[in-house]
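This report concerns only the one structure given below.
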Amino acid sequence: MVARIITVAPIGYEGAIIEVECDATKSLPSLQIVGLGNKAIDEAKERVRSAINNSMLDFPKKKIIINLAPAELPKDGAHYDLPIALAILCVSGQLQQIELDGAVFAGELALDGNLRPIKAAINIAQIARESGYNNLYLPQSNVSQAGLIDGMNIYGVSSIKQLYLHLKKEKIIIPYARSPLECSVAHILSPPTLDDIKGQEQAKRALIIAAAGHHNILLSGTPGTGKTMLAKALVNLLPDLAPEEQLSATKIHSLGNKINGEIISRRPFRSPHHTASLISIVGGGIQPRPGEVSLAHTGVLFLDEMPEYSRSILESLRQPLEDKKIDISRANGHVTYPADFMLVGTMNPCPCGYFGDKIKECACTSTQIIAYQKKLSGPLLDRLDMIVNVSRVPNELLLDSESLCQSQHITASDLINQAITIQNERYGSSNKHNGTLCNSDIKKYASLTVESKSFLLTAANRLSLSARSYFKVIKVARTIADLDNCTSILPLHIGEALQYRR
Ligand SMILES: [Zn+2]
């Protein structure tokens, strides 16, 4: 008799159903696993053997062959332990095939038979659901994450013995039920709010516009002007994650290197260091993992001192900024991860940082300054809608009262939410923002008045704006008009948008 247990192989952002087949013959006792498994799966033999023996169940004294089908798919991870153990219990008659049919199993076994948390639980749940399975058995600590997938009975299992008793209907496990209040505490970084920043009214205004229209933004200024703090405050201005955004962000994070059952309930803020490797930024590895551009999906990718990043890293951002996803090709396959993030960068105006400062003198030569600023290539700068100069805050302002800012912050969130609602209605989708419009969309939706059009044309000629910059000004002006709850773009909106060009 051959036993069959269903599990899922996560492949990048997707996955496939895997059948764990098991056959036992009367021969010298041994356990063999075939079907393109990697080292973790080969080591499952020892874990499964110990786990079964330590759970007061019988490990059959026969020649056992496990086949992971389809055989051509590479398989990775320790979550095959549980289905392998169940297949062995089934082939030896301790469980019946009928007790295992219609369900999907995944879990890593400890030697004492307990279950350890696994990676990609949410992928496994999604693939199982899409393939028509209604029952899923996972390690206890993975159920809340997998519970983001609706319409399934998800059972949290703590040990193989507990699952055995459940399948034998001796001690039933109650399926997991998500409570509406349940909100895991992932990403508790508490970023500064606009109230924490003194002065910098123009920069704060720019952040509100960037957050409302999903505009990529670069903050330029001398050291110590609070650029980093401003950038960090931006993530607090963005609206809460919608349920489907929560699901996609959690899914990506569950594929990362850290195994835990957390749910991403706040917008991610990723700030990779400038010495980070290209693979850690874009994703990759032997089994391609998501990189920072994907971990920042639905949130903010923050690059502090952008010119310090290597050319290859900066150039690698162009594809995800354009397509909102990243393709990773490796010898053993091709993976696509979502990468829809807002890019927020900071830079000094020159290598020493004081070019244009009123107090300290710049020590750089003009050649050095030009070379430094050129590190951000034209195509990358083209993807930054707004460039804002952040200047020093006079010392007397630093201790100024906060009452004004307090009230400003409340209106800031309200304003942003209002502008986002207007955009959602205009574009009929919550994924489209002014900042992500293509040129034909801009022509369709801009609604410039006659005066605005002629004002923009005059300005474009006088400032010799490129075509790209021209459209960018319209995009930013569209957001400013939305913040004003104004259906047409007026000359004053164009005027403000022009300030955010270099
Ligand atoms: Zn300098």
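The values are calculated or read from the model by the stated rules, or taken from the named source; none is laboratory data. Keep in mind it's a predicted model, so treat the numbers as computed, not measured. Quick reminder, even Gly has a Cβ in these numbers, built from the backbone with ideal geometry, and neighbours come from all protein chains shown.
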### Query
Taking the stated definitions as given, is Ile279 within 30 Å of Ala120 (Cβ to Cβ), surrounded by fewer than 17 Cβ atoms within 10 Å (Cβ to Cβ) and over 16 Å from the mean Cα position of the chain (by Cα)?
no
### Message
Any residue at all in the range 66-86 that's among the hydrophobic types (A, V, I, L, M, F, W, C), outside any helix (DSSP H, G or I) and closer than 19 Å to Ser254 by Cα?
### Response
no
### Task
Considering only residues that are near the ligand (Cβ under 9 Å from one of its atoms) and of a type in the set (Phe, Trp, Tyr), look in the range 332-370 and name the one that is surrounded by the most Cβ atoms within 10 Å (Cβ to Cβ).
Phe355
### Message
Which numbered condition in (1) closer than 13 Å to Val282 by Cα; (2) within 12 Å of the ligand (Cβ to nearest atom) is the only one that Leu314 fails?
### Response
(2)
### Query
What about Asp76, is it among the acidic types (Asp, Glu), surrounded by 18 or more Cβ atoms within 10 Å (Cβ to Cβ) and closer than 22 Å to Ala331 by Cα?
yes
### Task
Out of the residues in the range 52-93 that are within 31 Å of the chain's Cα centre (by Cα) and among the charged types (D, E, K, R), state the one that is nearest to Ile160 (Cα to Cα).
Asp81
### Query
In the range 449-481, what residues are outside any helix (DSSP H, G or I) and modelled with pLDDT of 90 or more?
Thr449
### Task
May I ask you to list the residues in the range 337-372 that are of a type in the set (Asp, Glu) and touching a residue at least 60 places away in the same chain (Cβ under 8 Å)?
Asp340, Asp357
### Message
Return the residues of the range 94-114 that are crowded, with 18+ Cβ neighbours inside 10 Å and more than 27 Å from the chain's Cα centre (by Cα); say none if nothing qualifies.
### Response
Leu95, Leu100, Ala103, Leu109, Gly113, Asn114
### Query
Would a scan of the range 322-331 turn up a residue that is modelled with pLDDT under 90, away from the ligand (no atom under 16 Å from the Cβ) and under 23 Å from Arg501 (Cβ atoms)?
yes
### Query
Would the range 244-261 turn up any residue that is surrounded by fewer than 16 Cβ atoms within 10 Å (Cβ to Cβ), out of contact with any strand residue (DSSP E or B) (no Cβ under 8 Å at 6 or more places or on another chain) and at pLDDT 85 or above?
yes
